[in-house]
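None of the figures in this text is laboratory data; all of them are computed from the coordinates on show. Source: prediction; values computed, not measured. Using ideal geometry, Cβ is built from the backbone for each residue, glycine included, and neighbour counts are taken over all protein chains shown.
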Amino acid sequence: MPDGTESESRKLLKRLREVMAGSDAGQTRLDKITHLIADSMGTEVCSVYLFRDPETLELCATEGLDAEAVHHTRMRLGEGLVGRVARAGRVVNTPNAPAEPGFRYMPETGEERYSSFLGIPIQRLGESLGVLVVQSREARQFSADEVYALEVVAMVIAEMTELGAFVGEGAALSPLHQRSVVIRGTSAQEGTAEGHVWLHEPRVVVTNPIADDPQRELERLSEAVEELRVGVDKMLELSRGADKEQLQVLEAYRMFANSKGWMRRMEEDIARGLSAEAAVEKEQSLARSRISQAQDSYLRERLSDLDDLSNRLLRILTGQGNNTGAELPPDPILIARNIGPGDLLEYGRTLRGIVLEEGSVGSHAAIVARALAIPLVVRAKRITTEALNGDHIIVAGDQGLVHLRPDDTVVSAFRDKIAMRAEAQQRYASIRDKPAETLDGQTVALHMNAGLMADLPSLESSGAEGVGLFRTELQFLVRNKMPKRSELVALYARVLDAAHGKRVIFRTLDIGSDKVLPYMKPNDEPNPALGWRAIRVGLDKPGVMRMQLQALIRAADGRPLTVMFPFVAQFEEYRAARAEVDKTIAREKRLGHRLPENIEIGAMLETPSLAFAPQKFFDEVGFLSIGGNDLKQFFFAADRENERVRRRYDTLNVSFLSLIEQIVERCDRSGTPLSFCGEDAGRPIEALCLAAIGLRSLSMRPASIGPVKSLLRRADLGEVRKIISDARHRGDQSVRPAVMDYLRDQG
Ligand code: PEP
Ligand code: MG
């Protein structure tokens with residue numbers, strides 16, 4: 001293509017398409033393609049290098065270099081000019097390759113004869129697949145037009161690679177989506193799951209990268225862009241009342257959708273022979289590779305907007321909505337960049353596991369996944385690029401690991417682990433209806449934590465005595481607007497119905513800190529965990545709390561009701577909250593609503609301050625529940641959401657146990673019922689120690705009830721208590737090693 005005309009470029013693409021349509025095996029196709037390109041570009045050499053693994057490029061086909069070198073010549077990412085193109089994702093265009101920094105010639109290829117070098121990254125959606133190279137003896141710089149034409153060809157090769165066009169007998173290519181991959185993310189919900197990939201937003205597959213009739217493609221593009229613009233305007237129209245930030249995002253969308261530069265580049269690609277969708281994808285690829293390189297977070301955000309718009313445009317052009325016709329596998333593992341709690345709830349318990357490319361441990365999706373006890377890994381880099389619908393996948397939630405297309409040894413190791421768990425589950429099921437009675441005759445009441453309607457069936461299956469903590473904020477978090485009182489009445493009534501008379505402790509809204517309602521103005525607080533949260537919000541702005549109390553009273557409709565206030569730090573807060581309940585009862589009575597048969601009002605002990613409250617507080621409060629997650633973070637001054645410090649201090653640290661023991665004693669003195677409902681209650685060793693220092697009620701995730709009960713039934717609390725006290729006298733930091741030794745001795 002020395003004259004670099006558009007029609008030359010179209011001719012080349014047309015010939016490429018003929019090769020693709022033929023019945024040749026993968027390698028033959030690739031050979032023909034390099035021949036065609038060299039011929040069309042008027043160069044002596046054209047080579048295709050593809051990734052063997054994420055670090056290694058392999059010469060997979062060549063016209064002009066020694067044929068012997070094919071599938072033998074390999075280079076590391078960043079090595080030589082080819083490696084440089086792949087690493088930086090940028091074109092290298094030079095008349096004098098040997099003079100370039102980093103040049104390294106591969107003697108087996110015979111490439112020392114060639115002076116000029118043009119290397120183009122083969123990328124798809126920002127993902128590097130390989131490098132396309134042309135070389136010639138004559139020392140010349142390739143023209144901008146030639147570079148551009150070769151970029152279009154590289155784009156088509158990328159699409160073909162993606163579609164598996166070079167796989168097959170004799171190709172010796174390990175296609176991207178067939179190799180097994182291990183991705184390390186962050187654990188957000190424990191548990192192990194094996195299943196098949198279900199992409200929440202399937203990738204749009206472009207099957208026709210090359211088109212004959214540019215005029216028709218230009219029309220298609222223009223119609224699709226028009227539809228996109230109308231859609232964005234409609235979104236803006238509907239969001240009139242939305243907050244400033246959301247409007248800004250939509251305005252940015254509109255700006256891109258009307259961007260002349262964006263349109264012009266796509267039109268040029270079409271003129272060179274690409275189909276409308278391939279032109280959109282080429283732009284999207286460019287935006288993606290810039291996203292990964294952009295330092296500025298504002299720029300990154302805007303490039304992500306462009307990425308999103310391109311996706312919408314591709315969906316319009318290909319007619320592939322979210323529904324691609326793929327069927328949900330029987331054992332789906334959901335893969336997504338991110339997912340909202342509402343969408344997640346729609347899938348519900350059908351999912352075996354969830355892997356998110358973004359997301360965070362404290363996100364709403366994580367809260368829902370935890371409530372549904374579905375193993376979840378977040379921040380799994382590149383998972384949406386690597387995974388295809390239907391791929392075999394193993395999620396090791398405990399370690400935050402994802403094995404995509406695992407090989408047999410990994411599969412069998414995991415199956416053993418899963419089988420062991422299943423066996424344990426059977427054991428737990430056999431003691432479901434038995435009490436958690438220890439060898440020395442102490443009984444510990446085991447309750448479950450809940451927050452969604454979906455949790456309630458576990459009340460029956462886990463053998464829990466009741467719901468020790470119903471986190472009412474989950475219902476607020478999974479919506480995009482404030483629920484109405486009538487909706488809450490209906491919901492709480494359904495919860496009580498489903499509990500069939502077992503006690504449910506409703507905790508009033510615990511928002512703030514990590515739990516921010518999407519429809520409430522976020523408070524820009526320097527330290528949200530120590531900020532305006534939970535009961536503090538409830539007392540300062542009592543409207544929502546009153547509505548919630550009314551809803552609870554109406555839902556009880558004459559049945560007993562138990563309410564608990566979160567994050568009470570001092571006696572006065574409890575008194576004020578209690579006064580709200582009394583006022584609400586009086587009002588409901590006036591309005592003629594049936595009052596609960598009896599109301600128990602309690603508080604969560606989540607700050608060390610409350611452990612030192614006047615004894616009168618312990619006399620007055622209906623019951624107490626230790627929120628160990630918060631209490632521990634404040635006791636050790638270690639943020640529970642901060643990976644760096646959250647595991648730093650052991651719950652079985654003697655200082656922390658002494659604090660708990662003191663709370664037990666104060667409650668005993670005033671006969672106040674006491675429970676423990678933080679995550680530690682569901683960890684068998686921790687639960688055993690809590691019981692040994694006097695707790696007789698624990699509330700935990702339903703799945704933990706079996707393991708905790710099983711250990712309690714085999715333990716002697718008196719002995720464990722002695723071990724704890726000996727460890728304390730010895731000056732141990734944590735009682736864990738001593739307790740573990742004891743349990744090991746017991747077998
Ligand atoms: C706690 O803090 O221990 C607790 C149970 O409440 P949450 O985890 O909802 O803050
Ligand atoms: Mg808490």
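Data table
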item	result
Gain upon complete extension [Ala454, Gln141; 0.36 nm per residue less C-alpha separation]	106.2 nm
Gained length - Arg590 relative to Ser655, 0.36 nm times residue gap less alpha-carbon distance	18.4 nm
Inter-probe distance in nm under a simple model that places probes 7 Å from Cα toward Cβ, at Arg728 and Gln426	4.2 nm
Under 16 Å from Lys541, Cα to Cα: lysines that are on another chain or at least 8 residues apart	Lys521, Lys583
Local electrostatic count at Glu679 - Lys and Arg +1, Asp and Glu -1, tallied over other residues with Cβ under 10 Å	+3
Computed magnitude of the charge dipole of the chain (debye, nearest 20; Cβ of K, R +1, Cβ of D, E -1)	2840 debye
Bridge type composition, the chain - antiparallel percent by DSSP, nearest 5	60 percent
Three-way shape label, segment 3-162, alpha-carbon gyration tensor, a/c 1.5	rounded
Label-point separation, Lys541 to Leu77 (7 Å along Cα→Cβ), nm	4.6 nm
5 angstrom amide H check on Ile210, placed H, neighbours 5+ away	Ser275
Residues with amide H under 5 Å from that of Leu65, placed H, sequence gap 5 or more	Cys46
In nm, spacing of pseudo-spin labels at Asn96 and Lys481 (7 Å Cα→C-beta vector)	7.0 nm
Backbone N within segment 449-475 under 13 Å of label point (7 Å from Arg349 Cα along the Cβ vector)	452-463
Estimated FRET transfer efficiency (Val645, Ala88; beta-carbon r; R0 25 Å; 0.05)	0.10
Net charge of Cβ neighbours under 14 Å - reference Ser609; Lys, Arg +1; Asp, Glu -1	-2
Fraction of alpha-carbon pairs over 37 Å apart in the chain - percent	52 percent
Net charge contributed by nearby residues that have their C-beta within less than 11 Å of Leu118 (K/R +1, D/E -1)	-1
For segment 85-92, 3J(HN,Hα) per residue [Karplus equation, 6.51 cos²θ - 1.76 cosθ + 1.60, θ = phi - 60°, Hz, x = Gly/Pro]	4, 5, 5, 7, x, 10, 6, 10
Residues of type lysines that Lys709 reaches as a straight line, Cα spacing below 25 Å, ignoring anything fewer than 8 places off in the same chain	Lys417, Lys434, Lys502, Lys632, Lys722
